[in-house]
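Report on one structure; see the data block that follows.
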Amino acid sequence: MRKLAKVLALLLGIVLMLVLLGFGWASVRASQVMARSFETHSMPGPTGASLEESIERGSHLLDARYACRDCHGSDLSGGTMVDAFPLGTILGPNLTSGVGGVVAGYTFSDWDRIVRHGVLSDGRPALMPSVDFTAMSDQELADIIAYIGTLPPVDREVPAPTLGPLGRVLVATGRLPFSADRLASRTDHPAEPPAAEVTTEFGAHLAAVCTGCHGQDLAGGPIPGGDPSWLPAANLTMHQEGLSGWSFDDFARSLREGVRPDGTPLRDPMTLALPITGNMTDTELEALWLYLSGVEPRPTGT
Ligand code: HEC
Ligand code: HEC
């Protein structure tokens, strides 16, 4: 008996030591991953637009297309991306011109770097996911910057992101993807968005912000880099596992009221997209539907 107890104690000690070593390795590795430096192109912003129109378009873009407020707060003075102990505390910083705001002195290139490449102004990879913004045109980015410049300053210091043990392990093992790895070297930004008309082209432009969760081919499945507790995303193709039985009115209702045709509510994390889809114009919803109707139908997650 005593011998058995000794063996067990020894085994337990070994396991504990391995776990500690593992965490030590993960912490060191995660710091290395996050200290990497990325180069992005530098670019002048578009010129010649009327500031007034730009601000108006920017306001609609933040309401109905790009979900900056999900993480930067409704007044953009700071918000929460993730705040769950083992994962970490990842807050969206203050984008207003108040004390604690981070964008004072930002050039167009700095905005481009964080929003469309996932790279912080000092070159390190951001935790902010930029994959949803890769289709954003120069004009839209300029419009967003113009609109953000009109926001009332809010004084609010937002602490820098900190990763918990699980967050570090995910970063160290490459399970928490960094947008910078995919996007840092891209230079193919469109200059202008497609005209706001019911066309496949405009629909595809709008659907780009759904691909981060619903997948590049919009067939749904597990959400890459998402909170492990998140439901898989639904299939948005016209496959029988997707939207094949839906009418346009079903689609419009789901995005405006957050309910499926059978009346059941759409659940987390689709609720993150609903404040945006709920503000889409009729033209935007129709263009999106037209585009989805033409996407190749696939079984979920393929
Ligand atoms: C899913 C959450 C999320 C969304 C959506 C999001 N951000 Fe961020 N953003 C963050 C986090 C977290 C940071 C903090 C820095 C980091 O990522 O490591 C950040 C940082 C920033 C910064 C400061 C970068 C720096 O160098 O310190 C700017 C500017 C910014 N975001 C603008 C935007 C704009 C504009 C949008 C919408 C087009 C947007 N963000 C959408 C989470 C988000
Ligand atoms: C943050 C992740 C996320 C984003 C962004 C997102 N979705 Fe979703 N969506 C989901 C998840 C998860 C579900 C499944 C929810 C459920 O089962 O209740 C879903 C469900 C749906 C449904 C219901 C489908 C069904 O069969 O029940 C529709 C329609 C939909 N999304 C459309 C969109 C569109 C259009 C966009 C882009 C404008 C979008 N979603 C952006 C995560 C997301």
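Check which residues have an amide H placed less than 5 Å from M81's amide H, if you skip close sequence neighbours.
Those qualifying (amide H under 5 Å, at least 5 residues apart or on another chain) are I90, L91, G92.
Let me know the shape class of region 51-183, please: from the alpha-carbon gyration tensor, a ≥ b ≥ c as square roots of the eigenvalues, rounded when a/c is under 1.5, otherwise prolate if a/b is greater than b/c, or oblate.
Details: a/c = 2.03, a/b = 1.49, b/c = 1.36.
Judged from the Cα gyration tensor, region 51-183 comes out prolate (a/c at least 1.5, a/b above b/c).
For region 200-294, just say rounded, prolate or oblate: build the C-alpha gyration tensor, square-root its eigenvalues into a ≥ b ≥ c, call rounded for a/c under 1.5, and beyond that prolate if a/b exceeds b/c, oblate if not.
rounded
Report, by chain and number, residues whose modeled amide H sits under 5 Å from the one on F38, excluding near sequence neighbours (fewer than 5 apart, same chain).
R124
Taking the Cβ-Cβ separation of R253 and N279 as r and a Förster radius of 22 Å, what is the calculated FRET efficiency to the nearest 0.05?
For R253 and N279, the calculated efficiency is 0.90.
Whole-Hz ³J(HN,Hα) for each residue in region 87-97, computed from phi via Karplus 6.51 cos²θ - 1.76 cosθ + 1.60 with θ = phi - 60°, x for glycine and proline: what do you get?
Result, rounded to whole Hz: 7, x, 10, 10, 9, x, x, 6, 9, 8, 8.
Distance in nm between label sites at S109 and T80, each 7 Å beyond Cα in the beta-carbon direction?
With each label placed 7 Å out from Cα toward Cβ, I get 3.7 nm.
How much length is gained if the chain between L272 and A35 is pulled fully straight, taking 0.36 nm per residue apart and subtracting their Cα-Cα distance, in nm to one decimal?
Stretched out fully, the L272 to A35 stretch lengthens by 82.4 nm.
How tilted is helix 138-148 with respect to the longest principal axis of the chain? Cα atoms for both, answer in degrees (0 to 90, nearest 10).
Roughly 80 degrees, rounded to the nearest 10.
Could you tell me the calculated FRET efficiency between A208 and V15, based on Cβ-Cβ distance and R0 = 41 angstrom, to the nearest 0.05?
Calculated transfer efficiency: 0.35.
What is the angle, in °, between the Cα long axis of helix 2-34 and the longest principal axis of the Cα atoms in the chain? Nearest 10 is fine, range 0 to 90.
Orientation of helix 2-34: about 30 degrees from the principal axis.
Using only the Cα atoms of the chain, build the gyration tensor, take square roots of its eigenvalues as a ≥ b ≥ c, and label the shape rounded, prolate or oblate: rounded if a/c is under 1.5, else prolate if a/b is larger than b/c, else oblate. Spell out each step's value before the answer.
Working: a/c = 2.16, a/b = 1.35, b/c = 1.60.
Here the chain falls in the oblate category.
Where does helix 282-294 land angle-wise versus the long Cα axis of the chain, in degrees 0 to 90, nearest 10?
60 degrees
Determine the sum of side-chain charges near R168: Lys and Arg each +1, Asp and Glu each -1, restricted to other residues whose C-beta is under 12 angstrom from that of R168.
Net charge in that neighbourhood comes out at +2.
Which far-off residues, 5 or more places away or on another chain, put their amide H under 5 Å from the one on A233, with H placed in the peptide plane?
The list, which skips near neighbours in sequence, is G221, I223.
Please give the net charge around P190, taking every other residue with its beta carbon less than 11 angstrom from that of P190, where Lys and Arg add +1 and Asp and Glu add -1.
-4
A short reminder: the numbers here are calculations on the coordinates, not readings from a lab. On a predicted model such as this, the values are computed, not experimentally measured, just so you know. Ideal geometry is used to build each Cβ from the backbone, glycine not excepted, and the neighbour counts take in all protein chains shown.
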